[in-house]
Amino acid sequence: MVWRCTQAGRVLEVVSTDFSTLPENPAGKSFLNLLNQTSKELATEWFQKFPAQTSLLPNMRLAQDPTGQVFTLGLTQTGKELWLFWSTVQPLLPPPPSLPGTVYTEDDQDSSHTHSGWEPEVQHEELLEELSRVNNELVNARRELIRQNIELHRLHRKQGESKTI
């Protein structure tokens with residue numbers, strides 16, 4: 001998922017999602033208040049360190065989500081907005097040392113992975129693929145808006161010409 005947020009973390013819009021049913025509509029709410037209690041505590045500390053620290057935040061869960069889906073959060077700033085990236089792919093990294101209390105449990109860790117450290121190439125490729133996908137969607141949406149604006153302009157001009165006749 002990709003959410004566009006204010007600098008304070010309030011969700012402006014859900015830009016992209018593969019989840020048809022979110023536990024609740026996030027628009028207008030702080031993304032921190034949408035997390036379960038444990039995730040909220042860790043994310044609050046993580047968010048306060050942004051932009052000085054831009055590490056990913058693994059093992060986050062939404063509150064009131066019966067599926068218990070685990071997300072990894074990423075955050076970037078564009079102008080005066082923040083973009084929050086929710087990925088279901090778990091990074092292959094140990095818990096960030098600057099966030100006390102972030103420990104993996106057997107439930108949080110995929111048992112098929114026994115990596116002891118972060119593999120930056122894999123992590124970066126996945127984030128770049130997600131950013132590329134979102135960028136392509138935005139470019140296509142922009143093209144469609146331009147096409148519709150041109151058509152609207154033509155119709156408006158045609159309507160103006162027919163009124164003068």
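The values are calculated or read from the model by the stated rules, or taken from the named source; none is laboratory data. What you are looking at is a predicted structure, and each value in this text was computed from that prediction instead of being measured. In this analysis, Cβ positions are derived from the backbone assuming ideal geometry, glycine residues included, and neighbour counts consider all displayed protein chains. In case anyone asks, the SASA skips ligands and DNA or RNA and just uses the protein heavy atoms, side chains included. Shrake-Rupley method; radii C 1.70, N 1.55, O 1.52, S 1.80 Å.
Pick from Ser55, Ser30, Ser16: which is open to solvent by less than 50 Å² (accessible area, probe 1.4 Å) and within 27 Å of Val139 (Cβ to Cβ)? Outline the logic, then answer.
Values: Ser55 fails: within 27 Å of Val139 (Cβ to Cβ); Ser30 fails: within 27 Å of Val139 (Cβ to Cβ).
It is Ser16.
Please enumerate the residues belonging to the stretch 139-165 that are within 22 Å of Met1 (Cβ to Cβ), at pLDDT 80 or above and open to solvent by 80 Å² or more (accessible area, probe 1.4 Å). Reasoning before the result, please.
Taking the stretch 139-165 as the starting set, the residues that turn out to be within 22 Å of Met1 (Cβ to Cβ) are 139-142, 144.
Next, from what is left, pick out any that are at pLDDT 80 or above: 141-142, 144.
Listed by number, the list holds a single entry, Arg142.
Considering (1) assigned to a loop (DSSP other than H, G, I, E, B); (2) open to solvent by less than 60 Å² (accessible area, probe 1.4 Å); (3) over 14 Å from Thr76 (Cα atoms), say which one Thr44 fails and leave the rest.
(1)
Step by step: first the residues of the stretch 40-57, then only those that are touching a residue at least 24 places away in the same chain (Cβ under 8 Å) and of a type in the set (S, T, N, Q), then the one that is nearest to Phe85 (Cα to Cα). Which residue is that?
Ser55
I'd like to verify a number: residues in the stretch 58-89 that are part of a loop (DSSP other than H, G, I, E, B), free of Cβ contacts under 8 Å to residues at least 12 places away in the same chain and either charged (D, E, K, R) or within 20 Å of Ala27 (Cβ to Cβ) (or both), how many?
Residues in the stretch 58-89 being part of a loop (DSSP other than H, G, I, E, B), free of Cβ contacts under 8 Å to residues at least 12 places away in the same chain and either charged (D, E, K, R) or within 20 Å of Ala27 (Cβ to Cβ) (or both): 1 in total.
One line per residue, one yes/no per condition, for (1) at pLDDT below 90; (2) open to solvent by 60 Å² or more (accessible area, probe 1.4 Å); (3) closer than 19 Å to Val134 by Cα:
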{"position": "Gln64", "(1), (2), (3)": "yes, yes, no"}
{"position": "Gly68", "(1), (2), (3)": "yes, no, no"}
{"position": "Thr72", "(1), (2), (3)": "yes, no, yes"}
{"position": "Phe85", "(1), (2), (3)": "yes, no, yes"}
{"position": "Leu92", "(1), (2), (3)": "yes, no, no"}
{"position": "Pro96", "(1), (2), (3)": "yes, no, no"}
{"position": "Thr105", "(1), (2), (3)": "yes, yes, no"}
{"position": "Asp108", "(1), (2), (3)": "yes, no, no"}
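For the structure I just gave you, tell me whether Trp3 is part of a helix (DSSP H, G or I) and either in contact with a Phe, Trp or Tyr (Cβ under 6 Å, 6 or more places away or on another chain) or not charged (D, E, K, R) (or both).
Judged against the criteria, Trp3 is not a match.
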